[in-house]
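Visitor: One structure coming up, written as structure tokens, with questions to follow.
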Amino acid sequence: MYIDFKDISEHQDAADVCIIGGGAAGISMAVNLAERGHSVLLCEGGDADYSERSQQCYQGDVVGDPYIPLYGARLRYLGGSTNHWGGVCRPLDRYDFPGKTAALETAWPIGRDTLAPYYSAAVSILGLETTPADQLIPNADFKRIYFSLGHPTRMKEKHAASLSDSTSLKCCLTANLAALETDNGKVTSATFKNYQGDYRQVRARYFVLACGGIENSRLLLWCNQQAQGKLIPEDKTLGRYWMEHPHATVGKALLFEPAALGMDEVYNVFLSPTAHAIASRQILNCGLRLHRMNAEATQELIDELADQAPTLAGRISTWQAQGRVIHGAVLRAAWEQEPRFDNRIELSDELDELGVPRSRLLWQQSELDRRTIRQSMLLLGEYLRDNEVGRLQMADWLAETPVQLPTDGELAGRHHMGGTRMSLNAEEGIVNPDCRLFAQDNFFVAGSSVFASAGHANPTLTIVQLALRLCDHLESRLMQDA
């Protein structure tokens, strides 16, 4: 049920769990825990629908490589960025978790099997289709992969009945986290502020911060500063190891035999390097996205090629004369970014209208990031050439030495990850494998900010898997407390 801001007070009975942030992770957890009979208070800083007063809080600076303005890279109202999510999803690969030899910092303190029990439930929550198993391409060092596409779930719409009718779940809008009080290794209360400048304190047995891959860092940096470091005493990694999925159009010309890539009956196919290719080429993970052209566009591409590479155009014409079906494709990619200490969220000197310092993102792609996309493209090009099933011409920027990444176009996927990194100890991260702040027994972080590395998969499915796992952990703790 919805409650007014004035009705959340330190004098009310403490909730079992106070969840801060109503996006994919926050709403999933709130509904799940309420259905188990626990009292849940969900505090969302935005309104029920889009409002400029809330969205303005997401203004911030970007330093480094060109990036999407922070104001437009996420949404700040009930449902969060699921309100514009496209519904593209898949789990992280098994070999994303142990870490990659090219960057040991990519290792997680948990394995894929830890999240596997939550796959089906996460798929159901997000309204996805179970994806088929990946398929190795014969004579290639990459595989065909699958995404669940379309049918995006809007969390506030899917769970509208629970948010409005549940007696175990109370939802308060325009409740913006302003401070956290801590004593003896426990958070004792959270202070919230609305847009009129009113304050309210909330007590709960457990707190969960679920405000997204930038806001989680910003709010913890601010709250830790106000608490004089008592919230996160070892804070050197707070806001650090921030990651994105760089996106770009990577092929200038791609002509191939569709059957060779499993595209004889479909017009979109997704590929990624195998674990062997990633290790042998010393790269990170990458997803290549081929969008097949129609016959007319393909012929135009062949005609253009005749002027630039007549020998190759002649060979392709010979293939066609032999009855082989040849198609062009638009080739895009999204690839894993190296988790680097210097890529980070920090506090700006400028305050938002609630009095909280705005975010400043320092983001730069590394030599390994560049190597990853170049080598992934070479891998595909070598397969097409060596098996005489096609040819690939990389985008001009990929052919340069060193690789000069595009400064416009897609740039990135708006996938904000890292900043409150999961690790085995407080020296290397902010939360433990149970997503709990190391120094606070009852405070947890949910969402992609806890990712230790990014793989190449869109993160929403993993976010919900982690959220459901955290629900089980809190359930266990609450039962022990009873």
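Visitor: Looking only at the range 346-388, which residues are over 20 Å from the mean Cα position of the chain (by Cα) and of a type in the set (A, V, I, L, M)?
Guide: Result: Leu347, Leu351, Leu354, Val356, Met377, Leu378, Leu379, Leu380, Leu384.
Visitor: How about the range 251-286: which of its residues are in a strand (DSSP E or B), open to solvent by less than 50 Å² (accessible area, probe 1.4 Å) and under 15 Å from Ala329 (Cα atoms)?
Guide: To start, the set of residues in the range 251-286 that are in a strand (DSSP E or B) comprises 251-256, 268-273, 286.
Going one step further and asking which of them are open to solvent by less than 50 Å² (accessible area, probe 1.4 Å), we end up with 251, 253-256, 269-273, 286.
Residues satisfying the conditions are Gly251, Ala253, Leu254, Leu255, Phe256, Val269, Phe270, Leu271.
Visitor: Answer yes if at least one residue in the range 271-291 is at pLDDT below 85 and not charged (D, E, K, R), and no otherwise. Before you say what the answer is, go through the steps one by one.
Guide: As a first pass, look at the range 271-291 and keep what is at pLDDT below 85: none.
No, the range 271-291 has no match at all.
Visitor: Another question, if that's okay. In the range 171-205, what residues are surrounded by fewer than 17 Cβ atoms within 10 Å (Cβ to Cβ) and acidic (Asp, Glu)?
Guide: Matches in the range 171-205: Asp183, Asp198.
Visitor: Scan the range 440-482 for residues that are in a helix (DSSP H, G or I) and within 15 Å of the chain's Cα centre (by Cα) and jot them down.
Guide: In the first step, residues of the range 440-482 are kept if they are in a helix (DSSP H, G or I); the result is 448-450, 460-481.
Within the range 440-482, Ser448, Ser449, Val450, Thr460, Leu461, Thr462, Ile463, Val464, Gln465, Leu466, Ala467 qualify.
Visitor: Test each condition in (1) at pLDDT 95 or above; (2) among the small types (Gly, Ala, Ser); (3) more than 30 Å from Gly355 (Cα to Cα); (4) surrounded by 17 or more Cβ atoms within 10 Å (Cβ to Cβ) for Ser28 and report the one that comes out false.
Guide: Here Ser28 clears every test but (3).
Visitor: With Ala467, Ala399, Ala412 as the choices, which residue is in contact with a His (Cβ under 6 Å, 6 or more places away or on another chain) and hydrophobic (A, V, I, L, M, F, W, C)?
Guide: Working: Ala467 fails: in contact with a His (Cβ under 6 Å, 6 or more places away or on another chain); Ala399 fails: in contact with a His (Cβ under 6 Å, 6 or more places away or on another chain).
Ala412 is the lone residue from the list that is in contact with a His (Cβ under 6 Å, 6 or more places away or on another chain) and hydrophobic (A, V, I, L, M, F, W, C).
Visitor: Here's a follow-up. Need a quick list: strands (runs of 3 or more DSSP E) entirely within the range 308-406 having at least 1 residues that are at pLDDT 95 or above, open to solvent by 10 Å² or more (accessible area, probe 1.4 Å) and of a type in the set (A, V, I, L, M, F, W, C).
Guide: 344-351, 357-363
Visitor: Of everything in the range 113-137, what is open to solvent by 50 Å² or more (accessible area, probe 1.4 Å) and not hydrophobic (A, V, I, L, M, F, W, C)? Give them in sequence order.
Guide: Answer for the range 113-137, where residues must be open to solvent by 50 Å² or more (accessible area, probe 1.4 Å) and not hydrophobic (A, V, I, L, M, F, W, C): Asp113, Pro117, Ser120, Ser124, Glu129, Thr130, Pro132, Asp134, Gln135.
Visitor: While we're here: Are any residues in the range 51-71 closer than 15 Å to His416 by Cβ and hydroxyl-bearing (Ser, Thr, Tyr), and if so, which ones?
Guide: Of everything in the range 51-71, those that are closer than 15 Å to His416 by Cβ and hydroxyl-bearing (Ser, Thr, Tyr) turn out to be Tyr58, Tyr67, Tyr71.
Visitor: How many of the residues making up the range 68-97 are within 24 Å of Leu362 (Cβ to Cβ) and in a loop (DSSP other than H, G, I, E, B)? Full working, then the answer.
Guide: Residues of the range 68-97 that are within 24 Å of Leu362 (Cβ to Cβ), as a first pass: 68-76, 80-81.
Narrowing the set further to residues that are in a loop (DSSP other than H, G, I, E, B) leaves 68-69, 73-76.
Selection size over the range 68-97: 6.
Visitor: Let me ask something additional. Being part of a loop (DSSP other than H, G, I, E, B), open to solvent by less than 10 Å² (accessible area, probe 1.4 Å) and small (Gly, Ala, Ser) is the filter; apply it to the range 211-250 and report the residue that is nearest to Ile463 (Cα to Cα).
Guide: Gly213
The values are calculated or read from the model by the stated rules, or taken from the named source; none is laboratory data. Note that the coordinates shown come from a computational prediction; the quantities given were computed from them, not determined experimentally. Neighbour counts run over all protein chains shown; Cβ positions are idealised from the backbone, glycine included. Note: areas computed on protein heavy atoms with side chains; ligands, DNA, RNA excluded. Shrake-Rupley method; radii C 1.70, N 1.55, O 1.52, S 1.80 Å.
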